[in-house]
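K.L.:
What follows is a structure written as structure tokens; I'll ask about it next.
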Amino acid sequence: MKSTFPDIVHHAIEGIANVKGENIKVLDLRQLDNAVTDFFVIAEAQSTTQVSAMSDSAMKEIRENLNDRPWHREGHDTASWILLDYVQVVVHLFQRESREFYDLEGLWNDASITSMPS
């Protein structure tokens, strides 16, 4: 993993990986004009249950190691796309179909994108 990633990125990835999150990518948005944050962490799962589990695990990992909580959360009701906003880092957790539909990697294709091992 790149050492230029902040600790919160590492802990989010660890939490996601702990519950078998798939296709984990980190988008570094720091060099882009009009970026809404510094980093996106994006991952997917095959069910809403697993999307919720990724969210819970990532939040727990970050809270236990960094004593940080998301500034804002969205999507827990439907769990097809859960967003965890930590201001500097935004974690996007998708069901596979929702990830393909919203295509954040395509929207932010000027970002530096790093695929993480599963």
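The values are calculated or read from the model by the stated rules, or taken from the named source; none is laboratory data. Quantities reported herein were computed from a predicted structural model and do not represent experimental measurements. Backbone-built Cβ (ideal geometry, glycine too); neighbour counts: all protein chains shown.
K.L.:
Going by the conditions given, is Val87 surrounded by 15 or more Cβ atoms within 10 Å (Cβ to Cβ) and of a type in the set (A, V, I, L, M, F, W, C)?
P.N.:
In short, no.
K.L.:
Considering the range 53-87 alone, what residues qualify as being out of contact with any Phe, Trp or Tyr (no Cβ under 9 Å at 6 or more places or on another chain), under 17 Å from Ile24 (Cβ atoms) and among the hydroxyl-bearing types (Ser, Thr, Tyr)?
P.N.:
Listed by number, the residues that qualify are Ser55, Ser57.
K.L.:
Return the only residue of Ala53, Ala79 being of a type in the set (A, V, I, L, M, F, W, C), on the phi > 0 side of the Ramachandran plot and out of contact with any strand residue (DSSP E or B) (no Cβ under 7 Å at 6 or more places or on another chain).
P.N.:
Details: Ala53 fails: on the phi > 0 side of the Ramachandran plot.
When all the criteria are applied, what remains is Ala79.
K.L.:
When only residues in the range 57-84 that are surrounded by 14 or more Cβ atoms within 10 Å (Cβ to Cβ) and hydroxyl-bearing (Ser, Thr, Tyr) count, which is farthest from Val9 (Cα to Cα)?
P.N.:
This residue is Ser80.
K.L.:
Tally time: how many residues in the range 31-55 are touching a residue at least 40 places away in the same chain (Cβ under 8 Å), in contact with a Gly (Cβ under 9 Å, 6 or more places away or on another chain) and of a type outside the set (A, V, I, L, M, F, W, C)?
P.N.:
1
K.L.:
Can you tell me which condition Glu64 does not meet? The list is (1) in a helix (DSSP H, G or I); (2) touching a residue at least 12 places away in the same chain (Cβ under 8 Å); (3) of a type in the set (D, E, K, R), and all the others hold.
P.N.:
It fails just one condition, (2).
K.L.:
Restrict the check to the range 93-107 and report whether at least one residue is surrounded by 13 or more Cβ atoms within 10 Å (Cβ to Cβ), closer than 13 Å to Phe39 by Cα, modelled with pLDDT of 95 or more and hydrophobic (A, V, I, L, M, F, W, C).
P.N.:
yes
K.L.:
How about the range 14-69: which of its residues are of a type in the set (S, T, N, Q) and under 13 Å from the mean Cα position of the chain (by Cα)? Walk me through how you get there before you give the answer.
P.N.:
Keep residues of the range 14-69 that are of a type in the set (S, T, N, Q), which gives 18, 23, 31, 34, 37, 46-50, 52, 55, 57, 65, 67.
Across the range 14-69, the qualifying residues are Asn23, Thr37, Ser52, Ser55, Ser57.
K.L.:
Starting from residues that are charged (D, E, K, R), closer than 16 Å to Ala111 by Cβ and exposed (fewer than 14 other Cβ atoms within 10 Å of the Cβ), keep the ones in the range 1-56 and report whichever is modelled with the lowest pLDDT. Walk me through how you get there before you give the answer.
P.N.:
First pass over the range 1-56, keeping only residues charged (D, E, K, R): 2, 7, 14, 20, 22, 25, 28, 30, 33, 38, 44, 56.
Next, from what is left, pick out any that are closer than 16 Å to Ala111 by Cβ: 2, 25, 28, 30, 33, 38.
Subsequent filtering for residues that are exposed (fewer than 14 other Cβ atoms within 10 Å of the Cβ) retains 2, 30, 33.
Details: Lys2: 44, Arg30: 95, Asp33: 88.
Among residues in the range 1-56 that are charged (D, E, K, R), closer than 16 Å to Ala111 by Cβ and exposed (fewer than 14 other Cβ atoms within 10 Å of the Cβ), the one modelled with the lowest pLDDT is Lys2.
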